[in-house]
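Below is one structure; the comments refer to it alone.
The values are calculated or read from the model by the stated rules, or taken from the named source; none is laboratory data. Just so we're clear, the structure is a prediction, and the values are computed from it rather than from any experiment. With ideal geometry, Cβ positions are generated from the backbone for all residues, glycine too; neighbour counts draw on all protein chains shown.
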Amino acid sequence: MILALGLGLPAGAAATHPATAAGHAQVPDSYAFPLGDLRIVALSDGTVPQDLHLLMTGTPPAEVDRLLARAFQSNPVEASINAFLIEDGPRRILVDTGSGQLFGPGHGGKLPDSLASIGIAPGDITDILITHIHTDHSGGLVLDDQPVFPNATVHVGAPDLAFFLEPGNAEETGYASRYFDEAARTIGIYAEAGKVRTFEDNETILPGVVATLHPGHTPGSAFYTVTSRGRSIVFIGDIIHVAAVQFPNPAITIVYDLDPDAARAVRSAAFTDFAEGRQLVAAPHLPFPGVGHIRAEGENSFSWHPLEYRNRTGD
């Protein structure tokens, strides 16, 4: 989950710099690469600004600023909202759906355009893998309260569905009630239509796709490991929000974590495993396209290395 925090323009900025009025809007964005017999496409749902002084927990703002400065950044930062398409013969599998309309105009909601730019219509999607039920991952399931993907089966961790579709859990846990309201308006519509399949830990949910549960950020946060001809990629969900801060110090948490201690432990363990195995990973909130490798830099300290960029025909 990420929270869009608007940034206002200085008075007169639009008149002085006309191009600024459009912000930083880009064309619909995608990046494709092969994985064995599969085609993986990273898709942009847009970006949103993030005030890390309000969002990062377990560390003072001065430390956040120090880590950002090392990465030539400053607060607030821009967070990508990435989704991913897996093309496997007749199957077109979408990993997460972006925020839809739930962040308001100008923040997210670009996934349908990104899909259209590669010739994919919503009705072409056969399966949707939800890493967890938060606005910017399941919000794009609906548009104007109607299902966007009429032919898709939605796969989600059983603990997440049970938690977020029970409104009483908001009061019991203190987690914001809007998460539960938004869940009912998005994935709840698919559940009522019988279009949701849940899974427990370490289940093969589709050919070549294994789902594992990693509770902390939410009760049913999932990784999806996709394998083809000996190659693999892991779609990791929200174990990382800010590369400049949480790779060098995975102990730093974020306000969206339901269980910060568990989220911290999941992040450190996963980073260690991915670094040791040289595992290719795809992350929803790292700078687009959000695909790359994690390297260990010391005791519980890591760095991010994006996938090599290619733009040519042939092998």
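Of all residues in region 188-210, those satisfying the criterion of being farther than 19 Å from residue 36 by Cβ and either in a strand (DSSP E or B) or among the hydroxyl-bearing types (Ser, Thr, Tyr) (or both) are 190, 196, 197, 198, 199, 203. Restricting 80, 138, 74, 114 to residues that are part of a helix (DSSP H, G or I), among the polar types (S, T, N, Q), under 30 Å from residue 244 (Cβ atoms) and touching a Leu at 6+ places or on another chain (Cβ under 7 Å) narrows the list to 114.
Looking only at region 253-311, residues that are of a type outside the set (A, V, I, L, M), on the phi < 0 side of the Ramachandran plot and assigned to a loop (DSSP other than H, G, I, E, B) come to 14 in all. Residue 175 falls short on exactly one of the conditions (1) within 27 Å of residue 33 (Cβ to Cβ); (2) touching a residue at least 24 places away in the same chain (Cβ under 8 Å); (3) among the hydroxyl-bearing types (Ser, Thr, Tyr), and that condition is (1).
Yes or no, residue by residue, for (1) under 22 Å from residue 304 (Cα atoms); (2) buried (at least 17 other Cβ atoms within 10 Å of the Cβ); (3) modelled with pLDDT of 95 or more:
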site: 183; (1), (2), (3): no, yes, yes
site: 209; (1), (2), (3): no, yes, yes
site: 213; (1), (2), (3): no, yes, yes
site: 218; (1), (2), (3): no, yes, yes
site: 224; (1), (2), (3): yes, yes, yes
site: 243; (1), (2), (3): yes, yes, yes
site: 273; (1), (2), (3): yes, no, yes
site: 281; (1), (2), (3): yes, yes, yes
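Is it the case that region 81-88 has a residue that's among the charged types (D, E, K, R) and within 11 Å of the chain's Cα centre (by Cα)? Among the residues of region 81-88, not one is among the charged types (D, E, K, R) and within 11 Å of the chain's Cα centre (by Cα), which makes the answer no. Among all residues of region 196-211, there is none that is over 24 Å from residue 231 (Cα atoms) and free of Cβ contacts under 8 Å to residues at least 24 places away in the same chain. Is at least one residue of region 169-180 at pLDDT 95 or above, surrounded by 17 or more Cβ atoms within 10 Å (Cβ to Cβ) and assigned to a loop (DSSP other than H, G, I, E, B)? Among the residues of region 169-180, not one is at pLDDT 95 or above, surrounded by 17 or more Cβ atoms within 10 Å (Cβ to Cβ) and assigned to a loop (DSSP other than H, G, I, E, B), which makes the answer no. Out of the residues in region 91-131 that are modelled with pLDDT of 95 or more and on the phi > 0 side of the Ramachandran plot, which is surrounded by the fewest Cβ atoms within 10 Å (Cβ to Cβ)? Across region 91-131, the extreme among qualifying residues is 119.
When every residue of region 288-297 is checked against the conditions, at least one turns out to be farther than 21 Å from residue 82 by Cβ and surrounded by fewer than 16 Cβ atoms within 10 Å (Cβ to Cβ). The lone criterion from (1) acidic (Asp, Glu); (2) touching a helix residue (DSSP H, G or I) at 6+ places or on another chain (Cβ under 8 Å); (3) buried (at least 20 other Cβ atoms within 10 Å of the Cβ) left unmet by residue 29 is number (3). Per the listing 233, 239, the residue uniquely part of a strand (DSSP E or B) and crowded, with 23+ Cβ neighbours inside 10 Å is 233. I need the full set of residues from region 253-271 which are aliphatic (A, V, I, L, M), touching a helix residue (DSSP H, G or I) at 6+ places or on another chain (Cβ under 8 Å) and surrounded by 16 or more Cβ atoms within 10 Å (Cβ to Cβ), in order please. Of everything in region 253-271, those that are aliphatic (A, V, I, L, M), touching a helix residue (DSSP H, G or I) at 6+ places or on another chain (Cβ under 8 Å) and surrounded by 16 or more Cβ atoms within 10 Å (Cβ to Cβ) turn out to be 254, 258. When you check residue 49 against the structure, is it in contact with an Asp or Glu (Cβ under 8 Å, 6 or more places away or on another chain), of a type outside the set (A, V, I, L, M) and at pLDDT below 95, yes or no? The answer is yes for residue 49.
Scoring residue 84 on the criteria (1) surrounded by fewer than 22 Cβ atoms within 10 Å (Cβ to Cβ); (2) under 25 Å from residue 109 (Cα atoms) leaves a single failure, condition (1).
So that you can scan it fast, the table gives a plain yes or no per residue for (1) under 23 Å from residue 78 (Cα atoms); (2) not β-branched (Val, Ile, Thr):
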residue	(1), (2)
259	no, yes
264	yes, yes
281	yes, no
301	yes, yes
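Scan region 132-144 and give yes if some residue there is of a type outside the set (Val, Ile, Thr), touching a helix residue (DSSP H, G or I) at 6+ places or on another chain (Cβ under 6 Å) and within 16 Å of residue 222 (Cα to Cα), otherwise no. Yes, the conditions are met somewhere in region 132-144.
Among the numbered conditions (1) surrounded by 15 or more Cβ atoms within 10 Å (Cβ to Cβ); (2) closer than 19 Å to residue 83 by Cβ, the only one that residue 306 does not meet is (1).
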